[in-house]
Every structure is written in structure tokens, then in C-alpha cells.
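Have a look at the structure below, then the notes.
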Amino acid sequence: MPLNKFLRLIEKPFLIAYALLWAAVYLLSRFNLELYTDHAPSVVWWLSFLAILPISLYTVVRTKSSKGENWYEKVGYFVMYTLLGLFTCNYIIVNGDLLISAAINKESSAQVEVTDVRKVFYRSGFDHTSVTLKTVSNTVVLQGRPYIYFYLNGKKNILVRWSKSFLGNEYVYTQDISLSEKFSARWLHFKDQLYRMWVFIGIMSVIILFGFFWPKSRDQTPRSNSPKLGFWKLLGIVMGIVFAVFLLFYVGLLIYMKFFTNNPL
């Protein structure tokens, strides 16, 4: 089989596998990592770049041949594909390293002092929680999911399990905070996000309803019997699946908070 036919044959499976890998690492880290550092050594960035470089070049050639853009637009496509691949690849490596390390490494227990817990915002969104812990030997600044703020804020001393990943990042799990308290914190964060994003949620709801009730007779675009999945369409499907998983999780959390705890909603 010629090389160009072989490459075109594996394009879609490769793209689907890569998107699913990123989504799996994202979901696993979202639900299993509590407090951690996520610094990537320079060698990780270089290895990611070398791994993405041939894929970016190939994607540029395919985009150019399929859409017929001018030659100077290839530079823009190359930069866009390389940056997208670089950051997603780095995310998979760093968070995958944390997940694997947390699964197999031996951890130590310690009583630590909580010296600072604060919200960190990116633009208008609550991005993550910054937590400063003081041990007998040193002080470390960790980051965690936004909901962690709601059960660590006000704590002075906590019992933790901690260790280091293979790439040298530290990760910490709290031990003396109940599961019920952590679920309550997730629910408080969820309500906080709804309050902050009500305008965005309203706009998206209107768009979805508009598309749902749009008359099918107005859609005169002929449809192929075998539609091709483009990159952005596939990415949208993956993000839709991720959103659906979060939605199901918080529906279950709502049921738990309403019927199985005494915490007010």
C-alpha cells in the first residue's frame, strides 16, 4: 500500500484515539487528583514538540491540499496545529504522570499546617484553588480543583498523604476530611459556577433551543451518505461527552445532597 494512502487511512483512528486519550486523562485527573504541582521539565516540552512536529507538518499539507489556501497561510496553520498539539500533549504527559504515580508510588502520611487557601481566577472564571501547606521541613504551594476551596478554607491543620511523581511533581490527598464534606464542597462550587456563568448558560440554552426548533424544511444543504468527521466536529463531540459526564455527576450529587444529607441546597 502506498504511504499516502496508508496515512490517510489512519488519520481518523489516530485523531479519535488522541482525543479519547486526552478526555480520559482529563476526566481521571479531574476526579482523582486533589492537590498537586504540575510543572513540566523542559525536556517534556522538547519531547512534546518533537512528537508533534511531524504531525503538524502533515496536517498543514493535508489542509493545504484539501482546501487550496495560499502558500503563506501554511505558516498560520502550522503555528495553530503545533500549539494545540504541544499543550494537549504536555497536559497528557504531566497529568498522566501524576495519575500513574498516585496509583503505584508509596505515600507518606503527615500532619501539616494550612497557611493559605485562596481562589485563583482566570479572566472571569474560578480557575483553581491555591493551597499553601507548611510541613516540618519546608513550605509548598499546591494547586487543586476549585471546589477544594470550600472544604479547606478555614482549616488550620490537616492530615495528608503525599508523595512525588516520576517527573518531580508533588501530590497530596487529605485524610481527615469526610466524603460528605467533600461532596458538599463540590455542590457549593457547582452553585458558585452557575451564579458566575448564568449569562453564558442562558445564551447557550437559547442557541440550543433555536437549533432544536429550527424547521427542517429550511435546511436545503444536500447531505452525503457518508459524512466526514472534521477535527473541530470531532472535538465538539468529545467535549460534549465530557460535559454530559459532568452533568450526570452533578445530577447524582444533587440527589445525594437532597435526600441523603442534612445540608441545605
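The values are calculated or read from the model by the stated rules, or taken from the named source; none is laboratory data. Here the structure is a predicted model, which is why all the values come from computation and not from measurement. All Cβ positions, even for glycine, are placed from backbone atoms using ideal geometry, and neighbour counts span all protein chains on display.
Among the numbered conditions (1) modelled with pLDDT under 90; (2) under 30 Å from Leu179 (Cα atoms); (3) not β-branched (Val, Ile, Thr), the only one that Leu57 does not meet is (2).
So, of the residues in segment 152-176 that are in a loop (DSSP other than H, G, I, E, B) and surrounded by 14 or more Cβ atoms within 10 Å (Cβ to Cβ), which turns out to be farthest from the chain's Cα centre (by Cα)? Checked segment 152-176; the qualifying residue farthest from the chain's Cα centre (by Cα) is Lys155. Which members of segment 109-144 meet the condition of being within 20 Å of Leu167 (Cβ to Cβ) and either part of a loop (DSSP other than H, G, I, E, B) or assigned by TED's automatic domain parsing to the domain that holds Ala40 (or both)? Hit for segment 109-144 is Asn138, nothing else.
With respect to the conditions (1) at pLDDT 90 or above; (2) under 23 Å from the mean Cα position of the chain (by Cα), Pro146 lacks only one, and its number is (1).
Summed over segment 114-131, the residues that are under 14 Å from Tyr173 (Cα atoms) and more than 22 Å from the chain's Cα centre (by Cα) give a count of 1. Cβ separations smaller than 8 Å between residues 6+ apart or across chains give the following pairs from segment 13-39 residues that are over 30 Å from Val141 (Cβ atoms) to residues that are hydrophobic (A, V, I, L, M, F, W, C): Leu15/Phe231; Leu15/Leu234; Ile16/Leu234; Ala19/Leu234; Ala19/Leu235; Ala19/Val238; Leu20/Val238.
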